[in-house]
Amino acid sequence: MGLRAQVFSLDPVVAGLEGTRTTHPWLWGVVMETGYSNGIATLVALADGTTNLYLSAGGGSSVAAGTRPAVAAATHALLSTAEASIGNFALDDTDHVPKVGYVRLRLLGWADRRGAEAEEDQISQPGHPLAPVFHAAHAVVTQLRLIS
């Protein structure tokens, strides 16, 4: 949970993400959290390609920018998909975790932070307004699993 808190308090300029504005003009990061009975899974995807998967019960994986091209490409695709879907997200400055069976998506923007939450069995369905971002985030998770 400490690592999760760090991303929500991160200053993207201080972290050196300012140079990514040409590729991702609105976002510098996406966080997807899923509530499970044994804890929370948190995916953090930043515009420089840094990608982390944290499990509140312990464990996870971390990939630094540029070290794994497939992960970095999936991360950039996630950010692009999220930018294209920005209208489906409301302003959000909360840090609460999703309940069991729910997914919370947060867009970390240069000007503000936005979020949306839905039941996992709903958000995964074609036609759900958040489905493209959900599936793009799971493509990142897939790439992380392939290198584990």
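The values are calculated or read from the model by the stated rules, or taken from the named source; none is laboratory data. Just so it is clear, the model here is predicted, and its values are computed rather than measured. When we count neighbours, we look across all protein chains shown, and the Cβ atoms used for this are built from the backbone with ideal geometry, even at glycine.
Overview of values
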item	result
Members of region 79-130 found to be of a type in the set (Val, Ile, Thr), closer than 16 Å to Tyr36 by Cβ and modelled with pLDDT of 95 or more, listed by number	Val100, Val103, Ile123
Set Thr42, Thr34, Thr67: member being among the polar types (S, T, N, Q), at pLDDT below 90 and out of contact with any His (no Cβ under 9 Å at 6 or more places or on another chain)	Thr67
Search result, residues across region 1-22 that are surrounded by fewer than 13 Cβ atoms within 10 Å (Cβ to Cβ) and of a type in the set (Ser, Thr, Tyr)	Ser9, Thr22
Failed criterion for Gly16 (all others in (1) farther than 25 Å from Leu146 by Cβ; (2) assigned to a helix (DSSP H, G or I); (3) small (Gly, Ala, Ser) hold)	(2)
Residue among Arg145, Arg114 that alone is among the charged types (D, E, K, R), surrounded by 13 or more Cβ atoms within 10 Å (Cβ to Cβ) and either in contact with a helix residue (DSSP H, G or I) (Cβ under 8 Å, 6 or more places away or on another chain) or part of a helix (DSSP H, G or I) (or both)	Arg114
Test for Arg21: is it at pLDDT 95 or above and either of a type outside the set (A, V, I, L, M) or out of contact with any strand residue (DSSP E or B) (no Cβ under 7 Å at 6 or more places or on another chain) (or both)	no
Count of residues meeting criterion [of a type in the set (Phe, Trp, Tyr), farther than 21 Å from Ala74 by Cβ and out of contact with any Lys or Arg (no Cβ under 9 Å at 6 or more places or on another chain)] in region 93-134	1
Identity of the residue in region 123-142, under 13 Å from the mean Cα position of the chain (by Cα) and in contact (Cβ under 8 Å) with a residue 60 or more places away in the chain, that ends up surrounded by the fewest Cβ atoms within 10 Å (Cβ to Cβ)	Ala139
